[in-house]
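The values are calculated or read from the model by the stated rules, or taken from the named source; none is laboratory data. Remember, predicted model here, so these are calculated numbers, not experimental data. Quick reminder, even Gly has a Cβ in these numbers, built from the backbone with ideal geometry, and neighbours come from all protein chains shown. For accessibility, only protein heavy atoms count, side chains too; no ligands or nucleic acids. Shrake-Rupley method; radii C 1.70, N 1.55, O 1.52, S 1.80 Å.
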Amino acid sequence: MGFAIEITGTDKLNILIRTGIKFIRGLWKKLFLKQASGLFLVGKHVQISHGKHITCGKNVKFEDYAEIHGLCSKGLVFGDYVTISRGVMIRPSSYYGGDYGQGLVMGEHSSIGPYGYVGCSGKITIGKNVMFGPKCSLFAENHNFLDIDTSIKSQGVSQKGIIIEDDCWIGSNVIILDGVRIGKGSVIGAGTLVTKDVPAGSIVMDKRNRAERKR
């Protein structure tokens, strides 16, 4: 039998104060973005660079220590009610303008869990109501390496991009590689390495995508 836990007045006040501080930070950070509609909450020690490439919808949250690097050709677009959790790193390009990337689009009510990494050199599209657990990594780029007589670094990269359709649940420590499309309503189990497309409504729990079944 469960026990009802009541939130005390002190707890509510603490939440209100912390939210108020994030709101004030958001007012300041809005000035440096391409666009931000409605409430924008920003945690402590959040790093936002090249904000004129970043568009935010209503009630977007960037939590403590998140790093959002906006320099890219197609921008970063965060839909209404998107949450970027603590320590998340979003990097489409290098800090110094090299390896100029494409960017990211996140649909409304989607969230990236704590300490995730989003390498959106190739375009990453995340649909609506997509949830990522902690420490997930997305890499929309791959190094070319077929020429054994040339260094891998000098062969450049390919950027096919990543698409994650609506209503997906991506478990903790999942790694999604370039060129992958995850179909609507799919569940990816914790620790899975996703290297190929996932059909809509699938549950994937094997590190090589072999244990799949429809929901």
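Between R91, R18, R181, the GNM of the chain built on Cα springs shorter than 10 angstrom shows R18 fluctuating the most. If both residues of a DSSP beta bridge must be in region 20-158, then about 5% of such bridges are antiparallel. Filter the chymotrypsin sites (Phe, Trp or Tyr not before Pro) in region 5-37 to those in DSSP coil with at most 16 other Cβ atoms within 10 Å of their Cβ, and list the result. When the chymotrypsin sites (Phe, Trp or Tyr not before Pro) of region 5-37 are filtered for loop state and at most 16 Cβ neighbours within 10 Å, F32 remain.
Measuring nothing but protein heavy atoms, the accessible surface of the chain at 1.4 Å probe radius is 57 percent carbon and sulfur. Its residues counted as N, region 101-215 yields a C-alpha radius of gyration over 2.2 N^0.38 Å of 1.07. Restriction of the chymotrypsin sites (Phe, Trp or Tyr not before Pro) in region 130-182 to DSSP coil positions whose beta-carbon has at most 12 other beta-carbons within 10 angstrom yields F145. Once the Cα atoms of helix 9-30 and of the chain are each reduced to a long axis, what angle between those two axes, in degrees from 0 to 90 to the nearest 10, is obtained? Approximately 60 degrees, to the nearest 10. Per residue, the solvent-accessible area of region 157-206 (1.4 Å probe, heavy atoms of protein chains only, all protein chains present) comes to 42 Å². Once the Cβ-Cβ distance of T150 and K196 is raised to the sixth power relative to R0 = 30 Å, the FRET efficiency obtained is 0.65. In a Gaussian network model over the chain where Cα atoms closer than 10 Å are linked, find which of L104, L193, L146 has the largest mean-square fluctuation. It is L146. Between I170, I84, I15, the Gaussian network model of the chain with springs among Cα atoms under 10 angstrom shows the greatest mean-square fluctuation at I15.
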